[in-house]
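Engineer: Below you will find the structure I want to go over with you.
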2 protein chains.
Amino acid sequence: MQVAVIGANGGIGRRLLPLLDEAGHEVIGVVRSEEQFEQIQERGGLPRLGDLEGTFAPALEGAEAVVFTAGSGGGTGWDKTLMVDLWGARRAVDACEEQGIDRFVMVSARGAANPDAGYEPLRPYLVAKRCADDYLERSALAATILRPTTLTDEEGTGRVTTAFTPQDGGPDIPRADVAATVRACLDNDATIGRTIELYGGDTPVEEAVRPSN
Amino acid sequence: MQVAVIGANGGIGRRLLPLLDEAGHEVIGVVRSEEQFEQIQERGGLPRLGDLEGTFAPALEGAEAVVFTAGSGGGTGWDKTLMVDLWGARRAVDACEEQGIDRFVMVSARGAANPDAGYEPLRPYLVAKRCADDYLERSALAATILRPTTLTDEEGTGRVTTAFTPQDGGPDIPRADVAATVRACLDNDATIGRTIELYGGDTPVEEAVRPSN
């Protein structure tokens, strides 16, 4: 399957590209600058230019699935949260609908289900993620929404947990394991239509994303 | 009709209260601080405490219609745009659905239809307004969305225009005339389900909000 990764040079995107490549997918790595092309190629991806705040849709051409793992990041203002995490995600969903790309995996965030209950300084971010998730859910796309808890740069384990109470933050999760879960979702159509919280844990990702979990 | 005005002490809210009062409506003025109670009463409103970022729903109790004209304003950060203009509006819509309040008039902003085409520094605001409008549109409420262009504090004329091309900013509009249009919409059920752009103009507000215009 040809999969376009939006945010291919981010913490999760970087780890996702080789996983998709190894699993036999053709990977389009969407990045904002040609300077990042080499890194995308080294990770097994076909680099394409796409700017969530500018020209963007052509980068998805030919893709059969899209992964949204872009984020404005902690170092920019809340205006970028609105323009990238929320509006950019909506534009990505729109572009998929226009181009007939049916499959969409969204990397959201734990707490987006209930921003009012979130850690106060994070609430505006959770609002943006929630609104983007809602937009995707209400679209015609075959969507899976992943909501990982706090991310770390620890080595991946290939194992996660999806079952914690909303009140419990649960164990942090390595970005590598979020990437592995995205890959597992793309290879399992039973994840379509589902929103899955993700924590560090002991269940192999393929098993963890099965509907019984 | 009992009408709750969210943002009763804002530029449009302040002008709306006496108009609703004179038109025979009972007006609940929702404000964030008891210090504003006297001003609400002077304008013919029944003041109630409600904080869009905190406890809020009880302020709407008994209302048959809600006007949302709150805004975080230009003096606060984009985080407040997310928490008030977007999330607060969604919470207001949710509260109406929960309490069986059917009628909702949203004061949105011109340009929310297409934030990408808006004046760049305003785009994050237009994104927030657009997403709030979409949420309202997709709700079960009987909604009217007003999208006024640049607001002024000029004296009201009771006249507006709704017909300008999206590319044209059109004449600025006094806040008093936006307030008069809100009042006209509440008194005309033919405005339900409609999104109306508003500019300064020559058509009496009652006529301007008729579907033929």
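Engineer: Karplus couplings for region A:110-115 from phi (6.51 cos²θ - 1.76 cosθ + 1.60, θ = phi - 60°), rounded to Hz, Gly and Pro as x?
Structural biologist: 4, x, 5, 5, 8, x
Engineer: Okay, moving on. Please work out the C-alpha center-to-center distance from region B:57-115 to region B:122-144 and express it in whole Å.
Structural biologist: The two parts, judged by their Cα centres, are 9 Å apart.
Engineer: Can you pull a Stokes-Einstein diffusion coefficient for region B:123-200 at 4 °C (1.567 mPa s), Rh from Kirkwood over Cα pairs, as a whole number of µm²/s?
Structural biologist: Calculated translational D: 98 µm²/s.
Engineer: Which percent of Cα-Cα pairs in chain A sits in each 5 Å bin, short to long?
Structural biologist: Histogram of Cα-Cα distances, whole percents per bin: 1, 8, 17, 21, 22, 18, 9, 3, 0.
Engineer: Where the accessible area of chain B is counted over protein heavy atoms with a 1.4 Å probe, how much of it, in %, is carbon and sulfur?
Structural biologist: Whole-percent figure for carbon plus sulfur exposure: 44.
Engineer: Taking the alpha-carbon set of region B:1-115, what are its Rg and Dmax in Å?
Structural biologist: Computed over the Cα atoms of region B:1-115, radius of gyration and Dmax are 13.4, 39 Å.
Engineer: Do any residues of region A:45-89 show a loss of at least 20 square angstrom of accessible area between the isolated chain and the full protein assembly, using a 1.4 Å probe, and if so which?
Structural biologist: A:78, A:79, A:82, A:83, A:86, A:87
Engineer: While we're on this one: What FRET efficiency do you get for residue B:34 and residue A:172 if R0 is 41 Å and r is their Cβ-Cβ distance, rounded to the nearest 0.05?
Structural biologist: 0.45
Engineer: Applying the Karplus parametrisation 6.51 cos²θ - 1.76 cosθ + 1.60 with θ = phi - 60° to the phi angles of region B:96-102, what ³J(HN,Hα) value in whole Hz is obtained for each residue in order, glycine and proline being reported as x?
Structural biologist: Per-residue couplings from phi come out as 5, 4, 5, 9, x, 8, 8 Hz.
Engineer: Looking only at Cα atoms, what is the convex hull volume of region A:118-159 per residue, in Å³?
Structural biologist: 100
Engineer: Which value, in Å², gives the accessible area per residue of region B:2-208 when a 1.4 Å probe is used on the protein heavy atoms?
Structural biologist: 41
Engineer: If you don't mind, another one. Once the principal axes of the Cα atoms of the protein assembly as shown are found, what is the range along each, listed largest first in whole angstroms?
Structural biologist: 71, 44, 34
Engineer: What percent does the relative contact order of region B:2-208 come to when contacts are Cα pairs within less than 8 Å and at least six residues apart?
Structural biologist: Once normalised by length, the contact order is 19 percent.
The values are calculated or read from the model by the stated rules, or taken from the named source; none is laboratory data. Because the structure is a prediction, the values reported are computed rather than measured. Heads up, the Cβs are rebuilt from the backbone with ideal geometry, glycines too, and the neighbour counts pull from every protein chain shown. Ligands, DNA and RNA are stripped out before the accessible areas are found, and what is left, the full protein with its side chains, is counted by its heavy atoms. Shrake-Rupley method; radii C 1.70, N 1.55, O 1.52, S 1.80 Å.
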